[in-house]
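Take a look at the structure below.
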Amino acid sequence: MRKELGILTLLAVLCVLVAALNPQFLSSANIQNTSRLIGTYGIFSIGVGIVIITGGIDLSVGSMFALLGVLLSLMLTQWHWPALFAVAVVLALGSLLGVIHGLLITRMGLQPFLVTLCGLLLYRGLARYIAADAVQGFGAGTGFEWLRDLVTGSAGRIPMPFVLLVAVAVIMWVVLHRSVYGRYLFAVGRNEEAARYSGINSHRVIASAYVISGFLAAVAAILLAFYTNSVSPSSHGSFYELYAIAAAVLGGCSLRGGEGSIIGIVAGTALLQVLRNLVNLLDVPSSLDFAVMGAVILIGVIVDQVLRSKT
Amino acid sequence: MLEMSRVSKKFPGVTALDSVEFSVRPGEVVALVGENGAGKSTLMKILAGIYAPDAGAIRFDGKLVSIHSPRDSTRLGIGTIHQELEVIDTLDVAANVFLGREPVWGGPLRLVDRRKIHAEARGVLLRIGLDISPDRLLRDLSTAQKQLVEIARALSQDVRLLIMDEPTSSLTLSETDRLIQVVKDLRSNRVSVVYISHRLQEIERLADRVVVLRDGRNAGELHRGDISHPRMVQLMVGREVKTLYADAAPSRGPVRIELRNFRTQRYPAHPVSLSIRAGEILGLAGLIGAGRSELAKAVFGVDRPRKGEIVLDGAVVNIHSSGDAIQRGIYLIPEDRRNSGLLTGMSVRENITLPNLEQFSSAGWIRQADETASAQASCADLKIKTPSVETSAGSLSGGNQQKIVLAKWLSLKPRVILFDEPTRGIDVAAKAEIYQLMRRLAAEGVAILMISSDMEEILGNSDRVAVMHEGRLTGILQRPDCTEEAIMTLAVA
């Protein structure tokens, strides 16, 4: 709980600071846009965070956005599949990739880093090949207006991705912190062997985490594709897996596994987005975008380490 | 040679040492005994330069010395073999022996002089009778061999005083004999040894003098002629303990579990057949590497058996995973408590309820109040000493940790419990409690298999003793026939 409080405090301080320096931060357009981004990023960060809690890592989500985005565009604009069906196929594909990762890691005993690194390369390459390296758009949206309006729209004044994130976060909070399955996720992350000696089917638990990550990445892929409205196969979603990992670690997940919380992951995501927003609003050269994030994460980790060694 | 006088050390909330006197003469083997928490480790950590004493004086060779760091300790000629071995598994024997003080050549390049460390390592290994190549990687050695490598490391630094903390806790009988011989050789070379152990039989055989600590104070001292098991126990607990072991159950039930031609992956050529009755404790003796743990793991389903049948209460059962075994009431208390038995980073509550969370959940949702209440009840029942059930399990003492591992199973319905080295590294009082628990379970009709390398435990606690040697079951002894000699004969067969 201490870690969550720490990051929530940091988030609040940062918001006040940015708002003081540039009142634009509090403009309705800015808040809407930022919360839309937090929603999208938060959803797949939760997936990656759960994988991290089991002691694994998922590097493939960024490339999955490109592959699934390209496919979604093709399904809707070229093949004219019904939108609902296309969405279902994308979600199923994301889950299927997660199943493959999970099986390679548990059945074959491969390291998560390697499996998902290969995924990162493979899906990016496939996306570019399928799209012939051309940018895929959604055109006028004929035939799937409702889908576009739904995922780019708002519930009242709250952007749909943020609404979805709240729903996903609530569900995953219950799953992770209140359910038997959630306890098992922490247990295998802490010590897979001891978990196995307690009768937990650790392979199934670990593999399932990659399925959750794949599924949530597919949800985010749909949101992201419509948010950018065009999918450039070579750059779409590039580096996004690192945002997720950074958000999870900032939010208190340990890369050794067995530690972390949903509140922390969501707060970590929000912090990263507010930082990017800060770079925009305060006229920091946008080329420094990554540098600012890197510095803040590093400082956060150092402060945490110092506080930890004092207690 | 070494004199520590009026040494005191306080930690927040506890006085670990209170005016303790301790001395060692050249070439003397001094056994330091006491229950866990008596202050043995703290005293030795002061000598090793890990803790600084709050008060007291340390004299070495008559001169007042202060030991501020492990380096100071090494410089005085004090070497320590810790209970958790400090070797690097991925390096070879020679590199481990010379770790941190490698001879170099090549001027500013500071290259390791491999030829020299290998030649010197070979010499030191021979001194302690360890006949292995210095090129072997540590991960390919047995625990006993690793320990001897650590002793070789200490000897190569010309130690004059060697501190050994529970050196035999993971060794088998013959390995223990070997180690005792090494210590005796050291003694005849005028090296002094401080020997910390819970195995009082070894101390009877080995020690010139026994120093007993109790609650951070000197509780007494025994000299060569007076050293005996009951007197040590008496000083350790401050009262006379009649016997550690509970009485055997008067009668036994029908056969609860039977292994028929059971083969493990490790020893596929040797089928094992044995049976345990309800209410019976079957001791399983043997040397390390005899395949006892492998047998238990295969029965429990964490390892896959090669072939054979498990018959439980008359019916053949298929066990493919630990989940299958647990469902049928077959539980394992594993050998490696900290890595297999316990999730050290999680709370006492989470550990105790892990295998039976289903009991405290509705539709996958944990009922936290029920869970906490059950964990608290288990702690009370097994007398687990913990500030609260939310305390991290890893922070408790060995005995309490072992009781947590037991507590995991007791709220389920045990039919067979496999204990693998149930009291390794646990103090006398907690040992007695665990033995009583085993008897209580047996009286409730549980069939118990107790794997142990501790001969006292095997002899004192078993209704029958099965002995294994390199994967083969070499014999089963009825209680009247159980003697140390009879078991050893079968174990080395």
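Each value in this text was obtained by applying a stated rule to the coordinates, not by laboratory testing. Just so you know, these numbers come straight off a predicted model, no measurement behind them. Glycine gets a Cβ as well: all are built from the backbone with ideal geometry, and neighbour counts include every protein chain shown.
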For the range A:295-310, what are the residues that are over 16 Å from residue A:4 (Cα atoms) and of a type outside the set (A, V, I, L, M, F, W, C)?
A:309, A:310
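Take the residues in the range B:308-329 that are part of a loop (DSSP other than H, G, I, E, B) and more than 7 Å from chain A (Cβ to nearest Cβ), then tell me which one is farthest from residue B:296 (Cα to Cα).
In this case the residue turns out to be B:314.
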If we keep only residues of the range B:330-386 that are more than 24 Å from the chain's Cα centre (by Cα), surrounded by fewer than 19 Cβ atoms within 10 Å (Cβ to Cβ) and of a type in the set (Asp, Glu), then the residue farthest from the other protein chains (Cβ to nearest Cβ) is B:381
Residue pairs meeting the criteria (Cβ under 7 Å; at least 6 apart or on separate chains; first free of Cβ contacts under 8 Å to residues at least 60 places away in the same chain and within 30 Å of residue B:184 (Cβ to Cβ), in the range B:109-137; second of a type in the set (Asp, Glu) and not in a loop (DSSP other than H, G, I, E, B))
B:134/B:92; B:135/B:92; B:136/B:92; B:137/B:92
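Would you mind stating whether residue B:70 is more than 30 Å from residue B:236 (Cα to Cα), out of contact with any strand residue (DSSP E or B) (no Cβ under 6 Å at 6 or more places or on another chain) and not aromatic (Phe, Trp, Tyr)?
On the way: more than 30 Å from residue B:236 (Cα to Cα): no; out of contact with any strand residue (DSSP E or B) (no Cβ under 6 Å at 6 or more places or on another chain): yes; not aromatic (Phe, Trp, Tyr): yes.
Criteria not met by residue B:70.
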Under 9 Å between Cβ atoms, at least 6 apart or on separate chains: pull out the pairs that start in the range A:172-186 with a residue that is within 23 Å of residue A:197 (Cβ to Cβ) and end on any residue that is of a type in the set (Ser, Thr, Tyr) and not in a helix (DSSP H, G or I).
A:176/A:261; A:179/B:361; A:180/B:361; A:185/A:54; A:186/A:54
Do any helices (runs of 4 or more DSSP H) lying entirely in the range B:16-132 carry at least 3 residues that are farther than 25 Å from residue B:168 by Cβ, and which ones are they?
B:70-76, B:114-127
Out of all the residues in the range A:136-144, is one or more surrounded by fewer than 20 Cβ atoms within 10 Å (Cβ to Cβ) and part of a helix (DSSP H, G or I)?
no
Pairs with Cβ under 7 Å, 6+ apart, first in the range B:384-408 and assigned to a loop (DSSP other than H, G, I, E, B), second among the charged types (D, E, K, R)
B:384/B:403; B:389/B:349; B:390/B:349
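Hey, can you tell me all the residues within the range A:175-185 that are in a helix (DSSP H, G or I), within 7 Å of another protein chain (Cβ to nearest Cβ) and either among the hydroxyl-bearing types (Ser, Thr, Tyr) or more than 15 Å from residue B:362 (Cα to Cα) (or both)?
Going through the range A:175-185, the residues in a helix (DSSP H, G or I) turn out to be A:175-178, A:180-185.
This time we only want the ones that are within 7 Å of another protein chain (Cβ to nearest Cβ), so: A:178, A:180-181, A:183.
Matches in the range A:175-185: A:181 only.
With the condition being closer than 30 Å to residue A:132 by Cα and within 14 Å of another protein chain (Cβ to nearest Cβ), I'd like the helices (runs of 4 or more DSSP H) fully within the range A:203-311 carrying at least 1 qualifying residues. It would help to see each step written out before you state the result.
Details: elements: A:240-250, A:262-281, A:289-310.
Because the criterion is at least 1 residues that are closer than 30 Å to residue A:132 by Cα and within 14 Å of another protein chain (Cβ to nearest Cβ), no helices (runs of 4 or more DSSP H) in the range A:203-311 meet it.
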Restricting attention to the range A:86-105, the residues that are buried (at least 19 other Cβ atoms within 10 Å of the Cβ) and more than 24 Å from residue A:74 (Cβ to Cβ) number exactly 3
Does residue B:423 meet the test of being among the hydroxyl-bearing types (Ser, Thr, Tyr), under 26 Å from residue B:85 (Cα atoms), in contact (Cβ under 8 Å) with a residue 12 or more places away in the chain and part of a loop (DSSP other than H, G, I, E, B)?
yes
Matching residues in the range B:133-158 (assigned to a loop (DSSP other than H, G, I, E, B) and either farther than 19 Å from residue B:93 by Cα or among the acidic types (Asp, Glu) (or both)) number 2
Of the conditions (1) crowded, with 21+ Cβ neighbours inside 10 Å; (2) in contact (Cβ under 8 Å) with a residue 24 or more places away in the chain, residue A:194 clears all except one; give me its number.
(2)
Report yes if some residue within the range B:445-462 is hydroxyl-bearing (Ser, Thr, Tyr) and surrounded by fewer than 23 Cβ atoms within 10 Å (Cβ to Cβ); otherwise report no.
no
